[in-house]
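Visitor: One structure follows; several queries about it will come next.
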Amino acid sequence: MSEGKSSGSATWKFGAHNWGESSPTVVDGTVYIGSGSGLYAIDAETGEQKWRTQIAGGVETSPAVLNQVAYIGSENGTVYAIDVKDGEELWSNSVSDQIRSSPSVLDETVYIGDSDGYLRALDIDSGGEQWAVKTGRDVKSSPVIVDNMLYVGSNDGGLYAINIDEGRKQWKFETGRSVTSSPTVSNGLLFVGSWDSNLYAVNAKTGSEEWSAKLAGPSHSSPTVVDRTVFASGYNKLSAYDVNSGAEKWTHKASGQIRSSPTVAGDTLYVGSSDSQIYAIDTGTGNTDWRYRVTGKVLTSPIVVNGTLYVASESKDLHALDTGHSKSSRDTRVLLAALGHHSVRTATDPAKVYRTIKRHLEAIGTDQDLSESKENEEIEEDEVMTDAEIMNCPNCSTDLSSFDSPKYCPKCAHQLPDYGD
């Protein structure tokens with residue numbers, strides 16, 4: 001059931017045993033999501049199951065998919081690499097008693113937190129441990145990586161910056177309580193929510209606080225940034241803040257607790273709530289465009305690909321909803337691959353990320369399948385902009401001179417002016 005001025009409608013739903021809190025990842029026309037019985041691969045267009053890999057203990061984390069391999073952590077403390085073609089296990093490594101941190105994959109390494117309080121770096125081909133950094137308590141926050149620095153929260157109340165080249169702690173920022181929220185990064189600032197009911201903006205290089213904003217309650221979901229606005233929730237209220245000052249722009253109140261992390265596609269924010277509803281909210285005003293009621297609490301984080309929203313409800317169904325447009329998630333949470341991602345997040349070099357984003361945007365509005373994009377292709381010399389066309393992102397000042405008429409900044413996802421072809 002939906003209501004509002006531009007209602008979403010169901011495209012399909014897929015039922016399985018206990019989806020839990022795993023959020024979907026959508027890559028090359030397939031939805032990957034964990035459940036109490038393992039990892040599923042589901043056709044994104046039809047909702048038909050492609051395969052299921054049973055994993056002992058089940059999966060509460062969100063998969064990371066790169067180069068035809070899905071990486072996932074399980075409730076029994078094991079990290080798995082799964083071949084996405086057939087669901088066959090490539091390797092596994094038992095590192096802890098439990099894993100509630102979703103993995104992040106960069107170059108040749110899988111990064112993941114565990115219940116022993118470690119942030120571990122594992123070899124992408126074998127699963128062998130490269131290094132481990134100890135925090136004060138268990139790590140449920142999912143790591144994000146920007147400029148060879150990994151950022152992650154811990155239940156010891158700390159936000160950590162770790163140099164991934166050396167496996168060395170760079171700095172630690174103390175909050176008042178546990179940090180299960182996954183951080184996000186934009187314009188040199190790191191944003192994270194804490195159980196102390198605050199949203200923090202922290203200098204990504206120094207670890208010093210730039211500003212903080214009071215939330216309506218403890219933060220369980222992860223913030224995200226689009227167009228100089230950071231969106232974050234506490235208890236049943238989601239608010240929009242100016243990224244530079246922390247000034248509140250608007251607040252949206254749901255009927256239940258918001259543990260779902262928001263995503264933004266076009267000018268609409270999507271988020272779930274424990275009131276069993278999915279909300280579509282105007283990013284400029286905070287007004288509800290529409291809402292869709294499902295069976296079961298919505299604790300997972302939605303993602304939008306080519307106008308279809310994918311989200312799971314607790315213990316019931318994975319839903320595919322028509323949003324009424326053809327856009328895809330463009331916020332920093334999704335682009336940095338925290339709690340699910342889509343095909344845009346398939347390369348590590350900013351130039352490669354931009355080429356993937358451009359092909360993705362070109363595919364929107366056409367019948368082209370995203371699987372046709374050559375996601376790791378280098379930029380050709382004749383595609384590089386001339387000196388006269390050199391420009392910087394107005395949001396984060398990233399040099400865009402190597403990119404061919406970008407529509408979105410590859411670093412902060414800010415929508416750019418139309419500079420022509």
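Visitor: Out of VAL192, VAL226, report the one residue that is in contact with a Ser or Thr (Cβ under 8 Å, 6 or more places away or on another chain), more than 18 Å from THR175 (Cβ to Cβ), in the same structural domain as GLY158 (by TED's automatic domain parsing) and of a type in the set (A, V, I, L, M).
Guide: None of the other options fit; the residue is VAL226.
Visitor: Residue check, VAL334 against (1) assigned to a loop (DSSP other than H, G, I, E, B); (2) under 27 Å from ALA16 (Cα atoms); (3) touching a residue at least 60 places away in the same chain (Cβ under 8 Å), all met but one. Which one?
Guide: In the conditions (1) assigned to a loop (DSSP other than H, G, I, E, B); (2) under 27 Å from ALA16 (Cα atoms); (3) touching a residue at least 60 places away in the same chain (Cβ under 8 Å), VAL334 misses (1) alone.
Visitor: Let me ask something else about it. Please work out if ILE124 is closer than 24 Å to SER221 by Cβ and of a type in the set (A, V, I, L, M, F, W, C).
Guide: no
Visitor: If the requirement is being surrounded by fewer than 18 Cβ atoms within 10 Å (Cβ to Cβ), in the same structural domain as GLU174 (by TED's automatic domain parsing) and modelled with pLDDT under 95, which of these qualifies: ASP43, ASP107, ASP125?
Guide: Criteria check complete, one pass: ASP107.
Visitor: Also, I was wondering about something else. Only one of VAL31, VAL65, VAL26, VAL79 is part of a strand (DSSP E or B), buried (at least 16 other Cβ atoms within 10 Å of the Cβ), assigned by TED's automatic domain parsing to the domain that holds LEU309 and over 18 Å from the mean Cα position of the chain (by Cα); which?
Guide: Matching residue, one of VAL31, VAL65, VAL26, VAL79: VAL79.
Visitor: Still on this structure, please answer the following. Of the residues SER255, SER245, only one is assigned by TED's automatic domain parsing to the domain that holds VAL144, surrounded by fewer than 21 Cβ atoms within 10 Å (Cβ to Cβ) and under 18 Å from THR295 (Cβ atoms); which?
Guide: SER255
Visitor: Scan region 287-306 for residues that are under 17 Å from the mean Cα position of the chain (by Cα) and small (Gly, Ala, Ser) and report the count.
Guide: 1
Visitor: With the structure loaded, tell me whether ASN163 is surrounded by fewer than 24 Cβ atoms within 10 Å (Cβ to Cβ) and either within 19 Å of the chain's Cα centre (by Cα) or under 22 Å from SER22 (Cα atoms) (or both) or whether it fails that test.
Guide: When the stated conditions are applied, ASN163 does not pass them.
The values are calculated or read from the model by the stated rules, or taken from the named source; none is laboratory data. Computed from a predicted structure; not experimentally measured. Reconstructed Cβ throughout: ideal geometry from the backbone, glycine too, with neighbour counts over all protein chains shown.
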